[in-house]
Amino acid sequence: MFTGIISRTGIVKRFGKTGPVYRLEVESSNIPKDAAIGDSVAVNGACLTLVETSPKSMAFDVMEETAGRSTLSELKTGDAVNLEWPLKAGGTIGGHFVQGHVDCTGRIAGIKKNGGESYIEIESPPEFERLIVEKGSIALDGISLTMGEVQKNRFKVYIIPHTLKITSLGSKRAGDNVNLEFDILGKYVARFHESKDGRLTEKFLRDKGF
């Protein structure tokens with residue numbers, strides 16, 4: 001489980017097919033000293049397993065399903081990626097609960113940068129429109145953000161200068177794709193609403209960990 005608070009970025013060293021899976025290699029000067037093989041790391045919001053590590057580089061195996069559902073397959077050498085290690089028990093939840101399970105990719109329809117106020121407008125696939133809620137949480141390339149103005153399957157996220165500076169969003173352009181993970185509670189509510197019963201109960205929420 002992650003929180004969408006990004007404090008580290010890395011640079012793609014290599015991404016390519018290695019046998020039945022893809023291999024992603026990332027360079028970073030901010031790798032935790034206790035990073036170990038088998039650790040989960042969110043890379044641009046996709047939860048991956050660390051398979052090789054050194055003081056300044058990491059390698060991950062990426063399954064076909066993950067590569068196809070996310071923007072990982074579009075990565076090129078030199079691209080910046082957001083990195084987040086899992087939330088530890090007792091840790092601060094500064095953003096919202098993020099699983100690292102990318103739902104889909106969205107397209108950046110527009111960007112406005114104006115001093116301290118910047119926003120990015122995202123267009124998501126129409127089938128995810130029911131999960132777009134004004135003031136709802138969303139993970140965009142792994143970054144915990146709040147959806148602002150909503151129009152059907154489009155929404156805006158407002159970005160402070162600090163976030164643009166320390167994440168990969170500062171280098172994004174209109175037309176780029178980004179990974180989207182919608183709020184887990186919203187997905188459960190939407191799924192339950194589509195069920196035959198359609199009633200949201202306290203027992204249902206307790207059973208799902210809420």
Checklist entry - Based on the Cβ-Cβ distance of LYS112 and ASP207, what FRET efficiency does E = 1/(1 + (r/R0)^6) give at R0 = 35 Å, to the nearest 0.05? => result 0.25
Next on the checklist: Using only the alpha-carbon atoms, what does the range 8-84 span along each of its principal axes? Please give whole angstrom values in decreasing order.
Outcome noted: 31, 23, 19
Next on the checklist: So, R0 is 45 Å and r is the distance between the beta-carbons of ALA174 and ALA89; what FRET efficiency does that work out to, to 0.05?
Outcome noted: 0.65
Checklist entry - Which value at 222 nm does the chain reach when only helices count, each DSSP H run of 4 or more adding -39,500 (n - 2.57), with the total divided by all residues and rounded to the nearest 500 deg cm²/dmol? => result -3500 deg cm²/dmol
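Enter the mean projected area of the convex hull around the alpha-carbon atoms of the range 104-192, in nm², rounded to one decimal. Don't skip to the answer; put the middle values down first.
Working: hull surface 21.2 nm².
Average of the hull's projected areas for the range 104-192 equals 5.3 nm².
Of all the Cα-Cα pairs you can form in the chain, what percent are over 26 Å apart?
Numbers: 7786 of 21945 pairs.
Every Cα pair in the chain considered, those over 26 Å come to 35 percent.
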Next on the checklist: Taking R0 as 25 Å, what FRET efficiency do you get between SER40 and ARG14 from their Cβ-Cβ distance, rounded to the nearest 0.05?
Outcome noted: 0.75
Checklist entry - Stretched out fully, how many nm does the piece from VAL133 to GLU64 gain, at 0.36 nm a residue minus the Cα gap? => result 21.8 nm
Checklist entry - For the range 24-68, what percent of Cα pairs sit more than 14 Å apart? => result 45 percent
Item to check | Residue-span extension gain [CYS104 to HIS162] - 0.36 nm each, minus C-alpha spacing | outcome: 18.3 nm
Checklist entry - Taking LYS56 as the anchor, which lysines have their alpha carbon closer than 30 Å to its alpha carbon, excluding any fewer than eight residues away along the same chain? => result LYS13, LYS17, LYS33, LYS76, LYS88, LYS165, LYS172
Next on the checklist: For the range 54-144, place one equal point scatterer on every Cα, skip the solvent, and apply the Debye formula. What is log10 of I(q)/I(0) at q = 0.11, 0.16, 0.18, 0.26 Å⁻¹?
Outcome noted: -0.44, -0.93, -1.16, -1.54
Next on the checklist: If I fit a long axis through the Cα atoms of helix 184-193 and take the longest principal axis of the Cα atoms of the chain, what angle between them do I get, 0 to 90°, rounded to 10?
Outcome noted: 40 degrees
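Values quoted throughout were computed directly from the atomic coordinates according to the rules given, and no laboratory measurement underlies them. Every value quoted in this text rests on a predicted model; they were computed, and no experiment measured them. Don't worry about glycine lacking a Cβ; one is built from the backbone with ideal geometry, like all the others, and counts go over all protein chains shown.
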